[in-house]
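Read the structure below first, then the notes.
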Amino acid sequence: MDSKVIALNGHSLSLEDVVRVAREGYGVALDPAAVTFVERGGRIVREWARSGKVIYGITTGFGDLASVSIPPEQSELLQKNLLLSHACGVGEPLPEDAVRAIMLLRINTLTRGFSGISLETLTQLVNYLNLGIHPVIPSQGSVGASGDLCPLSHLAVTLLGEGEVFFGNRRMPTARALQETGLKPVSLKPKEGLALNNGTAFMAGLAALAVHDASILAKVADIAAALSLEALHGVPYAFDPRTHALRPHTGQKLVAENIRTLIEGSEIIENFKGNRVQDAYSLRCVPQVHGASRDALDFVRGKIDLEINSVTDNPIIFPADGIAISGGNFHGQPIALAMDFFGIAAAELADISERRVARLVDHKLSGLPPFLVQESGLNSGFMIPQYTCAALVSENKVLAHPASVDSIPTSACQEDHVSMGAHAARKARTILENAFNVLAIEVLTAAQGIDFSLPLRPGKGTEAAHEAVRRVVPFYEKDCLMEPLIRAAHKITHSGELVAEVEAVVGHLN
């Protein structure tokens with residue numbers, strides 16, 4: 001099999017696979033063994049539909065209409081109507097990487113063979129992903145109860161030739177994309193509408209990409225803190241491994257080790273470490289604060305690892321037992337709680353970063369030139385980037401309020417508790433992006449501060465970080481347009497370039 005094609009069996013998808021498909025152009029194929037399960041599940045559902053057996057969503061209506069019987073000859077129309085009526089989202093369309101992640105997770109769960117989908121319909125979805133046909137999915141409309149009904153319906157209607165897609169960097173009616181690729185619209189078989197729109201693929205897809213990006217954020221946070229420690233002539237004592245052995249939280253120990261690695265060999269810290277015995281909390285407590293966020297992010301990753309290989313639609317078909325069970329695997333509560341925790345963890349990395357930026361620009365605290373620029377007064381220097389950090393962390397405080405504690409009844413109170421998991425995932429992504437911007441500003445600001453300690457050299461890791469920043473942003477001698485400088489710093493932090501350049505010198509960071 002092509003090395004850039006991932007075989008899906010519903011059991012072994014990893015977060016790294018999600019990123020490869022979503023962002024690196026990887027395609028997918030159905031594992032041959034999985035095809036057998038898919039065909040078996042689809043076959044038994046069609047048999048049930050022909051027999052008139054009463055099964056939710058196959059021979060009945062949906063939600064509060066579950067008591068309405070649907071004759072076999074109207075089965076296809078029932079499924080089509082479900083998708084058309086549920087595709088009612090609003091808001092900006094999701095970006096391409098998010099859409100591809102969502103499509104991948106939907107395919108992966110359907111591949112398990114417990115959803116009753118036909119191989120024909122599933123293959124259409126595989127073809128869409130491999131050909132780069134990306135449904136237009138509005139970002140708002142899911143309450144995360146019967147999964148992500150609204151956004152997944154926007155995905156599913158395109159398989160019928162309805163709705164809109166992005167194809168070849170153009171937004172167009174789905175029918176046109178099908179014409180250009182030679183594909184034909186599918187005709188839905190019994191249960192297939194439910195198989196396509198019941199589930200957590202929307203919130204889980206967004207969450208999977210966020211969790212991946214947060215692994216970069218956590219390392220950037222440690223690098224930024226080490227740069228600030230150097231720029232502020234901090235002392236190394238709080239990172240002594242003996243301290244952390246007495247409170248052995250995993251994240252705390254890993255962060256302390258990272259800081260020790262980054263500042264190793266620092267002439268700056270060696271020169272100033274006798275000036276005081278301790279620093280402010282935003283420096284001294286980096287292992288405790290960053291470490292707690294890391295532990296939270298690890299917890300979230302575990303939940304997402306589990307979710308992306310789970311069956312989350314309804315009813316679930318058990319071909320071996322000859323039954324369909326109507327349950328609640330579509331409910332997004334596990335993702336809602338996890339992504340609320342994620343948002344808090346990411347917000348805290350930004351929050352403590354802003355405090356370090358504030359110290360760097362305050363000459364009364366830093367001992368550096370006011371706002372890190374010569375001729376301050378005539379020049380404002382890094383005064384206002386700290387305002388931007390303050391604005392972003394304040395926004396994060398609002399966004400970090402948990403979505404999962406909210407619920408609002410839907411479907412005439414048949415669905416009387418909802419998770420708001422999609423909301424939790426969406427706002428967590430915003431918090432994450434805000435945190436990257438705050439840390440980019442800290443990296444930029446701390447690099448400026450270190451320049452005032454030259455020719456004393458920083459540690460081998462912080463020196464590598466400083467050089468990475470200076471390759472894209474020069475020393476700030478006098479006021480100039482600041483925004484492009486922040487954008488350049490954001491690019492190297494968000495992309496992982498900064499982390500890669502540091503790790504090339506010091507080895508793998510925790």
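Computed across the range 283-438, the Kirkwood hydrodynamic radius from all distinct Cα-Cα pairs reaches 18.5 Å.
How would you classify the chain from its alpha-carbon gyration tensor, with a ≥ b ≥ c the square roots of the eigenvalues: rounded for a/c under 1.5, else prolate if a/b is greater than b/c, otherwise oblate? Taking the square roots of the gyration eigenvalues as a ≥ b ≥ c, the chain is prolate. Computed from point charges on the beta carbon alone (+1 for Lys and Arg, -1 for Asp and Glu), the dipole magnitude for the chain about its Cα centre is near 340 Debye.
Applied to the range 87-94, the Karplus parametrisation 6.51 cos²θ - 1.76 cosθ + 1.60 on θ = phi - 60° returns per-residue 3J(HN,Hα) values of 7, 9, x, 9, x, 5, x, 5 Hz, with x for Gly and Pro. In terms of distances greater than 29 angstrom between alpha carbons, the cross-link table entries Lys4/Lys184; Lys53/Lys80; Lys460/Lys491; Lys273/Lys397; Lys189/Lys303 yield Lys273/Lys397; Lys189/Lys303. Just to verify a number: FRET efficiency for Glu47 and Ser14, C-beta to C-beta distance, R0 = 45 Å, to 0.05? Efficiency, rounded to the nearest 0.05: 0.80. The range 322-375 and the range 1-43 have their alpha-carbon centroids 33 Å apart. Toward the positive end of the charge dipole of the chain, about the Cα centre and with charges on Cβ (Lys, Arg +1; Asp, Glu -1), which of Pro458, Gly199, Ala22 goes farthest? Going by the charge dipole, the pick is Gly199. Mean sequence separation of contacting Cα pairs (under 8 Å, at least six apart), scaled by the length of the range 5-199, corresponds to a relative contact order of 26 percent.
Arranged from fewest to most other beta-carbon atoms within 10 Å of their beta carbon, Ser215, Ser293, Ser51, Ser118 become Ser51, Ser215, Ser118, Ser293. With K and R counted +1 and D and E -1, the other residues having a Cβ less than 10 Å from that of Leu283 yield a net charge of +3.
Here the peptides 105-111, 222-228, 125-131 are ranked by packing, the mean other Cβ count within 10 Å, and the order with the highest first is 222-228, 105-111, 125-131. Per the Debye formula on identical point scatterers at the alpha carbon atoms of the range 229-286, with no solvent, log10 I(q)/I(0) at q = 0.29, 0.30 Å⁻¹ is -1.30, -1.35. Taking amide hydrogens as placed 1.01 Å from N in the peptide plane, the amide H of Val418 sits under 5 Å from those of Ile408, each at least 5 positions away in sequence or on another chain. Under the rule a/c < 1.5 gives rounded, and otherwise a/b versus b/c splits prolate from oblate, where does the range 239-374 land using the Cα gyration tensor? Prolate is the answer for the range 239-374, as a/c is 1.5 or above and a/b outweighs b/c. Phi angles across the range 236-250 convert, under the Karplus curve 6.51 cos²θ - 1.76 cosθ + 1.60 with θ = phi - 60°, into 3J(HN,Hα) values of x, 5, 5, 9, 4, x, 5, 4, 6, 5, 8, 9, x, 5, 4 Hz, Gly and Pro given as x.
To make sure I understand, if each residue's beta carbon is the centre and we count other beta carbons within 10 Å, what order do Phe475, Phe239 fall in, fewest to most?
Sorted ascending by nearby Cβ count, the order is Phe475, Phe239.
Around the amide H of Leu30, modelled in the peptide plane, lie the amide H atoms of Leu8, all under 5 Å away and 5 or more residues distant in sequence or on another chain. Taking amide hydrogens as placed 1.01 Å from N in the peptide plane, the amide H of His331 sits under 5 Å from those of Gly147, each at least 5 positions away in sequence or on another chain.
Beta bridges assigned by DSSP with both partners in the range 5-199 are antiparallel in approximately 65 percent of cases. Over all pairs of different C-alpha atoms, the range 5-199 has a mean inverse distance whose reciprocal, the Kirkwood radius, equals 16.8 Å.
Here the residues His11, His466, His86, ranked from fewest to most Cβ neighbours within 10 Å of their Cβ, fall in the order His11, His86, His466.
Does anything in the range 448-480 have its amide N under 11 Å from the 7 Å Cα→Cβ label point of Glu264, and if so which residues? Only 460-461 pass the distance filter. Per-residue Karplus couplings for the range 179-184, computed as 6.51 cos²θ - 1.76 cosθ + 1.60 with θ equal to phi - 60°, are listed in order as 4, 5, 9, x, 7, 10 Hz, Gly and Pro entered as x. Shape call for the range 381-436 from the C-alpha gyration tensor, a ≥ b ≥ c root eigenvalues: rounded (a/c under 1.5), prolate (a/b greater than b/c) or oblate? Taking the square roots of the gyration eigenvalues as a ≥ b ≥ c, the range 381-436 is prolate. For the chain, DSSP calls about 70 percent of its internal beta bridges antiparallel.
Taking R0 as 25 Å, what's the FRET efficiency between Leu246 and Asp295 from their Cβ-Cβ distance, rounded to 0.05? For R0 = 25 Å, the calculated efficiency reads 0.90.
Every read-out reported here was derived from the displayed coordinates using simple, explicitly stated rules and does not represent laboratory data. Keep in mind that this is a model prediction, so the values were computed, not measured. We place every Cβ from the backbone using ideal geometry, glycine too, and count neighbours over all the protein chains shown.
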